[in-house]
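> This is the structure I have questions about; it appears just below.
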Ligand SMILES: [Fe+2]
Ligand SMILES: [Fe+2]
């Protein structure tokens, strides 16, 4: 459906080498997770590859968000880098011709997640976080163990690792991250 190798060559022009390497690892991991959970592997790989297209444009994120009509919450005003997902969802269409809605949404929500995230969104969220999670304190192993139970469980474990770090750093918590965590917890309680 998409020529992944051609897309890699094109995408490479938009990001620095170190980011591209991360994106290649996320491509692979997202593909593996899609395979494991019966999601669309092609879409997972494409979204995994291009999710950080807006990351290097940190100075331009607020104006680009305004231009594209992206919602800017107070948390994002305070930390504009959080806008690289939502802005990226527009840039992949503009620069790479990708207009598949599921892929755009996975790019849009890859940093914060959201309530009622799709399976593909969760896969890209998780693959991205797993690639930058160290196993020094057993965090990566904890996520991998949870993956044996379910995708939701792994996302929950991952968010439960992110939140204490953000509290410790004194960062504001993104409402969509909290909403995703609440939804997964409440859903499992209702069952
Ligand atoms: Fe990112
Ligand atoms: Fe990333």
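> So how do 162-171, 147-156, 14-23 stack up, highest first, on mean other-Cβ count within 10 Å?
147-156, 14-23, 162-171
> With runs of 4+ DSSP H residues as the only contributors, calculate the mean residue ellipticity of the chain at 222 nm using -39,500 (n - 2.57) per run, divided by the residue total and rounded to the nearest 500. Walk me through the numbers before you get to the answer.
Details: 11 runs with 131 residues, N = 191.
My calculation for the chain gives -21000 deg cm²/dmol from helical runs alone.
> Jot down the radius of gyration and Dmax of the stretch 4-136, Cα atoms only, both in angstrom.
Just the Cα atoms of the stretch 4-136 yield Rg and Dmax of 13.8, 41 Å.
> How would you order 29-42, 99-112, 133-146 from highest to lowest mean count of nearby Cβ atoms within 10 Å? Walk me through the numbers on the way to the answer.
On the way: 29-42: 18.0, 99-112: 21.5, 133-146: 14.1.
So the order, starting with the most tightly packed, is 99-112, 29-42, 133-146.
> Rank-order 113-120, 51-58 by packing density, defined as the average count of other C-beta atoms within 10 Å over each peptide's residues, highest first. Can you show the working numbers first?
On the way: 113-120: 18.5, 51-58: 21.1.
With the highest mean Cβ count within 10 Å placed first, the list reads 51-58, 113-120.
Readers should treat all values here as calculations from the given coordinates under stated rules, not as data from a laboratory. Worth saying up front: this structure is predicted, and the values here are computed from it rather than measured. Positions of Cβ are generated from backbone atoms using ideal geometry, with glycine treated the same way; all protein chains shown enter the neighbour counts.
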